[in-house]
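Only the coordinates and a few stated rules stand behind these numbers; no lab work does. Note that the coordinates shown come from a computational prediction; the quantities given were computed from them, not determined experimentally. Counting neighbours? That spans all protein chains shown, and the Cβs are built from the backbone with ideal geometry, glycine included.
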Amino acid sequence: MKTMTSLSTPPGDPTSSRPRRPLRGRALLLSLGFAAAALAGCNGGDEDETTSCPSDQEYFERHVWGPVLSTRCAGCHNAEGLAKDSRMVLWGDDQEGYIEHNMEVTLPLARELIGDSSLFLLKPSNEHADGHKGGEILTRDNPEFAALEQWVARATGTYACDEEEDALTCDANGAGARRVRRLDHREYKQSVDDLLGAPVELGVSFAPDNVVDGYTNNAAALKVSGLLAEQYREAAETMADVLVTDLNSHLPCDPVGDGEEACAADFIDDFGGRAFRRPLTDAERSRYLGLYSEVAEEDGFAEGIRWTTAAILQAPGFLYRTELGQATGDGNYALTPHELASELSYLILGAAPDASLRALADDGSIADPEVLEAEAERLLADPRAEANVLRFADEWLGLDRLDLVTRDPMLYPELDESIRAAMKGEAHRFVADVFAGGGSLSDLLTSSTSFMTPELATYYGQSASGDADPEGFIRVERSKGAGAGILTHGATLTTHALPTSSSPIHRGLLVRERFLCQHMPPPPPSVDASPPPVDPDLSTRERYSQHSEDATCAGCHQLIDPLGFAFEGFDAVGRHRVLDGVHPIDDSGEILHTASSDGTFTGVAELAGLLAASEEVHACYVDQWSRFVLGTADPGDLACARDELLDAFTESEGRLDSLVLALVRSPYFRLRTGEIAELPDDSGSGSDTDSDGSSDGSGGSDSDGNASDSGDSGDSGDSGDSGDSGGDEPDAPEGIEVMINVDSMWPAGECDTVTITNTSGAAITWYALLDLPGALVNNWNSIASAEGDRTRFVGEAYNASVEPQQSTSFGFCLEY
Amino acid sequence: MARTFGRRELIRGLGIGLVAAPFVDLLARPRSSRAAGGGTATRLVVFFSPNGTVPAHWTPGGGEADFTFAPGSILEPLEEIRDQLTIVSGLDFFGADNHEGGMAAMLTAKGAVGHESGGMSLDQYVAKELAAPTRFASLELGVQTSAWGGNNQTRMSYSAPGQFVTPDDDPAHVYSRLFGDFVGGDDAAAKIKARRARVVDLLVDEAGDLRRRLGAEERPKLDAHLEALAQVEQGLAGGGLGCALPDAPAALSPYDNSAFPDVGKVQMDLLATALACDMTRVASIQWSHTVSPMVPSWLGISDGHHSLSHIDDSNVAGVANFVAAERWFAEQFAYFVGKLAATPEPGGDGTMLDNTLVLWAKEMGDSRAHVCKGVPFVLAGGAGGYLSPGRHLSFPGESHGKLLVSICQAMGLTNESFGDPAYGTGPLSGLSA
């Protein structure tokens, strides 16, 4: 593509620029949440010209000034700030021509090379020999750093626009990244509870996982450390003990009647298959049977089962979700039926597939998009789906800290454990109610409905009457002025406050970071960051306003505090107040520095109204939800699902559950892309060749639980078009049009949907004679019978006849 | 046996050298990286408490040997172990400031791949280089470090750049991990361990299978898993307990703010016992984390520690509260050091403290300024003769990487730099005896 030349090449050695790193997955936009720009989606540029390259000024404004300089640098680098004597003094957006000026200021810095790196990169990463007074603002692995690198490339004339396009584009045709996801601690707990048929005490609390963007399920961060491996062992042994104390109920067989060894093998297939969310491979089966035999020989059947169970529960097949797919030959990997079932179940329930989902995976029919979607609907309606929704809300809004935040018991004696529990119950019921009722993001932000125990209602000063649910919560319409929406719930307000007072900073940051998706840097070093001391002569707002008057602080705090002031009508423990001490409440404020949501407001209800109407906030919600359910913070990966999700969210006017179905329908859900696993090689000579073979077969070819005799029918499939082979009978009656759609394909098989359309003027009892490129594994909405080289499909009783101009469909899966 | 051999070959082949190496090559390992001769410590313990300090209330008065703790100052509770201390003031973290930067640089000195320390934290580097034949290469104990999960605020130990080592915050789990195998006696323990080792064999095969299905981007996850299994296996090696089995600690709620002192005390006791039983030679105890929200309510203080740490001098009562909280941490340090001083060196002369180096580290200097200049360190113990305690030394403007080099050398290692060598190499002059 074209090389940018609009910035003149700098003096000096043109060869000294270092090679850029590949940009995929380090994208520039959404990490910073300039959502309006992100709304442009995968194309990353003008809609009507996909090859367009932003001008330098556009690029600077959108990627350098907006996300980086204005928020992270301008706080100090301004005419009055700490860095007023530095070579980078930036103008604020209230000064005429600030973009041009700021662009000019950065160019010489970008072109100044020290060693092989630009001053413009060395300073914010604090790698300059003289240091950076502002400390480390960006690490080199921060996606925003890539924007600065691009800017240097533009400034030094070493920039090719197509690279940027790559960075902004989902270059995977919408497929998800091919990766493993270790079960997070909640998924683990739910999965073992389901395996054992009842909630089980693990006997150990697992080492907390690394948190990324507030979420505890980021796949890149979920690894097994030595400590966690020991904890897994401890838990697995505890659960194995539990299992053998009630051994017979967990056996699919009778060790006396069937023989111990045979029964152990059955147990391994059954329990292991459920634990791994797929049938075991031959190599796996023989490994576990080997362990069983060694132990059983010494200590008998039950001990053998006990240690086998303990091993299965520590196995990678259990601990990792391995929805890796099977290569389709076009660079993608399509999920196998068992992988689809697992992906769907963890998406919606945070748990392994239940028996009916497993059955649909075993016979392959889950690969039928209609079946998959019907299952998605079924699981969404399942009461277990609620826990996953609440978990997202907890992590998105930081509500999971409610139990831990400390409040001064002298100031707030009323906030006891039971009130905290009731606050959590209130927020959870509210979120669940909005979600399950088909509610929207706007409802979440503005609905005055709530759920309170009488005790909590009294605490808030709210009247509550009516029928209580089993835990004592009553549906309440909150009185006007007493707050509405999740932002004014006690749980939200209490987690975002200080031990002795409200906190405009914490509450403002909540809005800025979690609803506008703009991340704020920590205060730079060398500034006085002490919180304003409690002073009875001043209101909280006055204390914070004074505190932030300083020009060094104002750069950032103008983005935070005016949002936080909206909440001043609520104290540190979530109660509505009309006075702050003796001071009247001023809860007016302003949203600043957004792409399209700026505006003034008085009180949190008006703020919530502005947020609810904001396109940016909707895009931010989609981003937050994606980070959670996809378990990734990789902007390149997130971009691959974003278009479908944003479209669905927009079309449904922000309906929360619309995202789940949109994701299930998307290619991201079914397809994976990634480097092809290379074979071995580095793993020592020749050991375990058996496992290579079996691991390849661990998915699709097992879709009927049986990997045998699959191979030979492949040749017959080449003809593809089924028309001329076989007998004289046509493939379908006259007036019937047959369309075959391959829904998923992997090396060992495929699943297809066939649409039968009646183009005539009278009802037709249809049939379809197809030359299948493999052995039929199963079919649905149809009855199949072999007929020479072809297979005859006719409808079931309910779809055997098609009305004029109507259609029906059926599906099948094949093994080659 | 052939099977086990194949698996170890596999681990080695995968490049899982760091932790597997001490296990695989225990006997064959050349010890060239350890300095010859005496005068080195047997054990290293890192003790962390958060949120910087107020230098005016921390810095001792007097001179090198006749240093004094002003009444009411932060270090005054160390008076009783004064003769065991080497107080080091004035050091800067180069290339780092602020909470997160300080937390990351404190034990790494901004190291990266290609540097001598490879970007590891001090404890992990020493553990790797020592390669001691103990059940655990290192132990990381925490006191309410993880309520926020793992991130650049809550972690200080790094096994590689960007790779956190997670501390164990739960005393009950620490106990079962250290001593659980021995509760039923040595014979039962040996059988259980053999079974567990057998399961680990199987898991290594399974992890290898999954690893082969992955592309290069994803393989490091399984590499980490295999390394974790190697650590588990190391913990299963060895014979009997070799010391008295301690009682299990009372049940505590690890993240209850008011339980902070109790959890901390149990963790310190468990750690001292683990060291006495020679379960490890390198350990850390991390009290909360930078930006700690811990409220020292047991001192009658109701503000969070982070807020306290940023109070400026105009708020006299607030600063006094912060100093009180810091004095409380000094008492904990004195308790732990005193415990080692009261324990005879197992199988040797003197006390455990004589052969131990305990490092009290913080992540910032003056917390009110968010800077990592003049970061305070307190060393305790004789370090096997490497240190001659009872001194206060000041190294204004020097890189704290040099202190980390000194500590490595106290542990008998020979590295000349720690972290980014651009900030300085060699040990602190005049620190060793």
What are the membrane-span-like helices in chain B by this rule: whole DSSP H runs, Cα extent along the axis at least 20 Å, mean Kyte-Doolittle hydropathy at least -0.5? B:219-236, B:260-276, B:316-341
Run the numbers for A:Asp598 and A:Glu787: contour at 0.36 nm per residue of separation, minus the present Cα-Cα distance, in nm. 61.2 nm
Inter-chain shielding of B:302-313 (mean C-beta neighbours from other protein chains, 10 Å cut-off): 4
Would you mind checking the pairs B:Lys373/B:Lys402; A:Lys123/A:Lys223; A:Lys84/A:Lys123; A:Lys123/B:Lys110; A:Lys84/A:Lys133 and listing those with alpha carbons more than 21 angstrom apart? A:Lys123/A:Lys223
Helix-only estimate, please: 222 nm mean residue ellipticity of the protein assembly as shown, summing -39500 (n - 2.57) across DSSP H runs of length 4 or more and dividing by its residues, to the nearest 500. -11500 deg cm²/dmol
Normalised by the residues of the stretch A:394-612, what does the relative contact order come to in percent, with Cα pairs under 8 Å and at least six apart? 21
Expected vector for the stretch B:74-89, Karplus 3J(HN,Hα) from phi with 6.51, -1.76, 1.60 and θ = phi - 60°, integer Hz, x for Gly and Pro, equals 5, 8, 3, x, 8, 3, 5, 10, 3, 6, 9, 9, 10, 8, 10, 10
The stretch A:784-790 - phi-based ³J(HN,Hα) in whole Hz, Karplus 6.51/-1.76/1.60, Gly and Pro as x: 10, 8, 6, 8, x, 7, 10
The protein assembly as shown - share of DSSP beta bridges that are antiparallel (%, nearest 5): 75
The aspartates and glutamates whose Cα lies under 16 Å from the Cα of A:Lys424, excluding any fewer than 8 residues away in the same chain, are A:Glu386, A:Asp394, A:Glu395, A:Asp400, A:Asp403, A:Glu414, A:Asp416, A:Asp433, A:Glu455, A:Asp469, A:Glu471
How would chain B be classified by its alpha-carbon gyration tensor: rounded, prolate or oblate, with rounded meaning a/c under 1.5 and the a/b versus b/c comparison settling the rest? prolate
Taking Cα pairs closer than 8 Å and at least 6 residues apart, the relative contact order of chain B in percent is 33
When the charge dipole of the stretch A:279-436 is computed with +1 on Lys and Arg Cβ and -1 on Asp and Glu Cβ about the Cα centre, the Cα farthest towards its positive end, among A:Asn332, A:Leu349, A:Ala296, belongs to A:Leu349
As an exercise, identify the trypsin sites (Lys or Arg not before Pro) in the stretch A:330-418 lying in DSSP coil whose Cβ has no more than 16 other Cβ atoms within 10 Å. A:Arg384
Magnitude of the charge dipole, the protein assembly as shown, Cβ model with Lys/Arg +1 and Asp/Glu -1, debye to 20: 4580
Summing +1 per Lys or Arg and -1 per Asp or Glu among the other residues with Cβ less than 11 Å from B:His173's Cβ gives -4
Within chain B, the percent of DSSP beta bridges that are antiparallel, given to the nearest 5, stands at 40
Given B:364-372, A:533-541, the highest-first ranking by average Cβ count within 10 Å works out to B:364-372, A:533-541
If you filter the stretch A:370-475 for GluC sites (Glu not before Pro), then keep DSSP loop positions with at most 16 other Cβ within 10 Å, what is left? A:Glu414, A:Glu471
Separation in nanometres of the label points that stand 7 Å from Cα toward Cβ, at B:Asp349 and A:Glu471: 6.6
If we count other beta carbons within 10 Å of each Cβ, what is the order of A:Cys73, A:Cys263, fewest first? A:Cys263, A:Cys73
Fewest first, what order do A:Ile366, A:Ile764, A:Ile114, A:Ile560 take by the number of other Cβ atoms within 10 Å? A:Ile114, A:Ile764, A:Ile560, A:Ile366
Name the long-range amide H neighbours of B:Val46: under 5 Å, sequence gap of 5 or more, or other chain; modelled H, no Pro or chain starts. B:Ala283, B:Ser284, B:Ile285, B:Leu359
I'd like the mean, over residues of A:281-292, of how many other protein chain beta carbons sit within 10 Å of each residue's own Cβ. 2
Taking the simple approach of a point 7 Å from Cα along Cα-to-Cβ for both A:Met410 and B:Glu416, what is their distance in nm? 5.9
Using amide H atoms built 1.01 Å from N in the peptide plane, name the residues 5+ places from A:Tyr320, or on other chains, whose amide H lies under 5 Å from its own. A:Leu183
Looking at the stretch B:58-181, I'd like the Rg to Rh ratio, where Rg is from alpha-carbon atoms and Rh is Kirkwood's inverse mean 1/r. 1.03
How many Cβ atoms of partner chains, on average, are near each residue of A:310-321 if near means within 10 Å of its Cβ? 5
If we sort B:240-247, A:439-446 on the protection proxy, mean other Cβ atoms within 10 Å, highest first, what's the order? A:439-446, B:240-247
Considering all alpha-carbon pairs of the protein assembly as shown, what whole percent are spaced by more than 58 angstrom? 18
J(HN,Hα) series, the stretch A:344-351, from Karplus relation 6.51 cos²θ - 1.76 cosθ + 1.60, nearest Hz, glycine and proline x: 5, 5, 5, 4, 9, 9, x, 8
What per residue convex hull volume, in Å³, comes out for the stretch A:181-321 when only alpha-carbon positions are used? 106
Chain lengthening between A:Thr755 and A:Val256 when straightened (0.36 nm per residue, less Cα-Cα): 174.5 nm
Calculate the spin-label point distance for A:Asp246 paired with B:Ala188, positioning each point 7 Å from the Cα along the beta-carbon direction, and give it in nanometres. 2.5
